[in-house]
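Comments concern the structure below.
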C-alpha cells in the first residue's frame, strides 16, 4: 500500500496507524532521514529510529485516527501537505491537530515524508 500522490500519504498513514502496522508506516511512508515533530516544545526526532519511537508512543494509546480534511501543494518532486486530524483515545479526551508536512516523490513514484509535523503552526505557541 503505497502513496501514489501527496494526499495519499495522509490516507495511507491513517489506515496503517489504525491497523497498528508500525513496520508498514515506517517502510511505506518515511524516508530514512525523516524529521518528525513530536509536539509543541518537544525535541525533534531525526531519522527513522527516532520517528518510530515517537509514533509507537501514539500507537500505544490505542486510539483511532480520522482525517477530517487534507490538501497538498505540489512542486515537482516535493509537496507541502496539510490535514486536520482527530485521535480518539479510549478513556481520554480526543487529540486534534492540523498538520504541516513535506513529502517527496521517490524513484518508484511513491511519496514519503521528509518532514512530518502533525502539529502544524501549534509548534509556535
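Every number in this text was worked out from the coordinates using simple rules, so none of it is lab data. What you see is a predicted model, and the numbers here were worked out from it, not measured in a lab. All Cβ positions, glycine included, derive from the backbone under ideal geometry; neighbour counts span all protein chains shown.
Worth pointing out:
- Bridge orientation summary for the chain: considering DSSP beta bridges with both residues in this region, about 90 percent are antiparallel.
- Those residues of region 24-67 whose amide nitrogen sits under 14 Å from the label point placed on residue 123, 7 Å along Cα→Cβ: 34-47, 51
- Among 101, 11, 68, residue whose mean-square fluctuation peaks in a GNM of the chain (springs only between Cα atoms under 10 Å): 68
- Set of region 61-78 residues, backbone N closer than 15 Å to the point 7 Å along the Cα-Cβ line of residue 114: 73-78
- Comparing 91, 20, 47 in a Gaussian network model of the chain, where Cα atoms under 10 Å apart are tied by springs, the biggest mean-square fluctuation is seen for 91.
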